[in-house]
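Undergrad: Have a look at this one before I ask anything.
The values are calculated or read from the model by the stated rules, or taken from the named source; none is laboratory data. Values in this document were obtained by computation on a predicted structure and should not be read as measured data. Ideal geometry is used to build each Cβ from the backbone, glycine not excepted, and the neighbour counts take in all protein chains shown.
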Amino acid sequence: MRRLSVWIGLAVLAGSMLPLPMPMTVGTAAAGPMVAAAAPKWLPALAARQQTLSITVPATRSYGAGFRGSTIGGQLGTVTVRDFRSISPNVWVATVSSSLYTTGGATPPETIGNGQVSYWSGPATSTSGGGTRVPGQPTSAAAVVLSVPRTAFSKTSGNANNTVAWNPTVSIAVPTGAIAGAYTGTITHSVA
């Protein structure tokens with residue numbers, strides 16, 4: 001299984017401050033602790049020879065700032081699955097999950113639970129190759145809470161090399177009891 005994560009930041013404001021963007025970084029991990037790294041570079045010619053299944057995610061993302069009781073969010077950026085395996089059929093499932101969002105000492109008032117994080121994949125923004133690719137949540141009405149891992153996208157039939165990209169939307173409901181501060185968390189996409 002290949003996993004890539006985006007570390008996401010947001011700020012919770014007290015009073016009537018103006019929202020400020022926060023820079024974020026991306027880490028990649030195969031299955032272990034996150035390690036800060038540059039965004040992966042894609043080499044299509046090399047991938048076609050390696051017969052791999054891979055996923056790429058945006059390099060950075062900040063959802064800015066918001067007030068207690070508000071919802072912060074927007075599009076995450078393009079997520080892409082590339083399948084260059086020579087098995088038949090070459091089907092896969094891309095899964096998404098979320099960590100907690102914390103600030104300060106991560107006490108209960110300094111934590112936004114992953115049950116406050118919603119996600120919807122939306123439709124494919126680009127595809128290549130054959131097969132049936134199915135969005136996990138094709139419309140905003142189908143948005144899911146990331147308190148547990150969810151299917152983001154899947155390929156349910158077909159053979160040969162293929163790719164699919166989508167630009168999911170994430171929203172974070174800021175609790176009314178949240179402490180003001182810069183919160184960080186991780187959205188993780190994996191494919192198998």
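Undergrad: Out of region 87-102, which residues are modelled with pLDDT of 95 or more and either more than 27 Å from T156 (Cα to Cα) or not aliphatic (A, V, I, L, M) (or both)?
TA: Listed by number, the residues that qualify are W92, T95, S97, S98, S99, L100, Y101, T102.
Undergrad: Now, a different point. Would you pick out the residues in region 153-163 that are crowded, with 17+ Cβ neighbours inside 10 Å, part of a strand (DSSP E or B) and out of contact with any Pro (no Cβ under 7 Å at 6 or more places or on another chain)? Full working, then the answer.
TA: Of the residues in region 153-163, the ones crowded, with 17+ Cβ neighbours inside 10 Å are 153-155, 161-163.
Narrowing further to those that are part of a strand (DSSP E or B): 153-155, 162-163.
Answer for region 153-163, where residues must be crowded, with 17+ Cβ neighbours inside 10 Å, part of a strand (DSSP E or B) and out of contact with any Pro (no Cβ under 7 Å at 6 or more places or on another chain): S154, K155, N162, T163.
Undergrad: Go through region 164-192 and give me each residue that's in a strand (DSSP E or B) and touching an Asp or Glu at 6+ places or on another chain (Cβ under 7 Å). Spell out the reasoning first.
TA: We begin by selecting, within region 164-192, every residue in a strand (DSSP E or B); these are 164-166, 169-173, 181-191.
Correct list: G181 only.
Undergrad: While we're looking at this one, here's another question. Count, please, the residues in region 79-127 that happen to be closer than 18 Å to R61 by Cβ and among the hydroxyl-bearing types (S, T, Y).
TA: First pass over region 79-127, keeping only residues closer than 18 Å to R61 by Cβ: 79-80, 94, 96-103, 112, 114, 116-122, 125.
Still in the list and also among the hydroxyl-bearing types (S, T, Y): 80, 97-99, 101-103, 118-119, 121, 125.
Final tally of qualifying residues: 11.
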